[in-house]
Amino acid sequence: AEPEATTARAWTDGAFTVVTVAPPADRTPPTLLRDAVFVIDVSGSMTGVKIDAARRALSTALHGLVPGDRFQLIAFNDRAQALHDGFVDYTQATLEAADAWIRRLNATGGTEMLPPIQAALAGETPAGRLRTVLFITDGQVWNDAELVAAVAGRRNRAVFFTMGIDTAVNAPLLRRLARIGGGTCTLMTPHDDIEGAAAGLESRFGSPVATDVVVEGVAPDALAADVAPRLFAGHPASVLFEGAP
């Protein structure tokens, strides 16, 4: 009822406590110019309706960029392929070339997620710009620990968002990658409103209402999970810890 207010709620069973903080719904923070990386899974497990949904999600997110932004597109199966060698400016010409590239994507081959994650996070981000990564996949992999370490070890303060598209997506992995990457996770089936979900993600890219979030009053070893360092409008943050203060 109060869109300009931050609200907090807590629940406890005596052994554990969860606190959920919802940021103001009407807060519109300034948006930095973005270096946006879009990564799409084109492995064999994405065949059929999933690759079609992934292409639509990618196209919708790409069209949400604004002049001054730069972007890079990476497709992967058992190897990673980039549309350009580095970032390109967001112009009508580069957008049309990217749309044509997206339409040609087909699902085939195995799944190796580590190389595209490393490629998306490689290099430095210039001052005054924000690196964002949107990772679109069904998450069907075996080396979860390596992937989590790659995102956790990034040095350029990139914000890592995940979108899972499947009826049985690897939700724990995609949620964890987004949490430690400071972004959000969106889980969809191929028959959901893919364009709407991608547009909703786009509205949060690069626009956290708070950064460098920390938890005070709780011992670090009592926290049950890492705390997301950024808080986004319309996306509550939760903290679970031992005890019932």
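Key figures for this structure:
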read-out: Karplus (6.51, -1.76, 1.60) ³J(HN,Hα), θ = phi - 60°, over the range 109-114, in Hz, Gly and Pro reported as x; value: x, x, 10, 10, 8, 5
read-out: Cα gyration tensor category, rounded, prolate or oblate, for the range 142-201 with a/c compared to 1.5; value: oblate
read-out: Prolate/oblate/rounded label for the range 66-213 (Cα gyration tensor, a/c 1.5); value: rounded
read-out: The range 1-109, Cα convex hull volume normalised per residue, Å³; value: 196 Å³
read-out: Residue of 170, 77, 143 that the Gaussian network model of the chain assigns the largest fluctuation, springs spanning Cα pairs under 10 Å; value: 143
read-out: Gained length - residue 49 relative to residue 78, 0.36 nm times residue gap less alpha-carbon distance; value: 8.4 nm
read-out: Summed side-chain charge close to residue 109 - residues other than residue 109 whose Cβ falls under 13 Å, Lys, Arg +1, Asp, Glu -1; value: -2
read-out: Derived scalar couplings ³J(HN,Hα) [the range 192-197; Karplus, 6.51 cos²θ - 1.76 cosθ + 1.60; whole Hz; x for Gly, Pro]; value: 7, 6, 4, 4, x, 5
read-out: Among 140, 118, 72, residue whose mean-square fluctuation peaks in a GNM of the chain (springs only between Cα atoms under 10 Å); value: 118
read-out: Cα-derived Rg to Rh of the range 37-90, Kirkwood definition; value: 1.01
read-out: Potential lengthening between residue 143 and residue 5 on full extension [0.36 nm per residue; Cα-Cα distance subtracted]; value: 45.6 nm
read-out: With at most 14 other Cβ atoms within 10 Å, longest stretch of the chain clear of loop GluC sites (Glu not before Pro) (DSSP); value: 5-123
read-out: Folded to 0 to 90 degrees: helix 171-180 orientation relative to the chain principal axis, Cα; value: 80 degrees
read-out: Integer Hz, Karplus 6.51/-1.76/1.60 couplings in order for the range 58-64, x for Gly and Pro; value: 5, 5, 4, 5, 4, 6, x
read-out: Extended-chain gain in nm, criterion 0.36 nm per residue less alpha-carbon gap, residue 240 and residue 114; value: 42.5 nm
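Bear in mind these aren't lab numbers, they're just calculated from the coordinates by the rules spelled out. Predicted model only: the values in this text are computed from it and were never measured. Cβ sites come from the backbone with ideal geometry, for glycine too, and all protein chains shown count toward neighbours.
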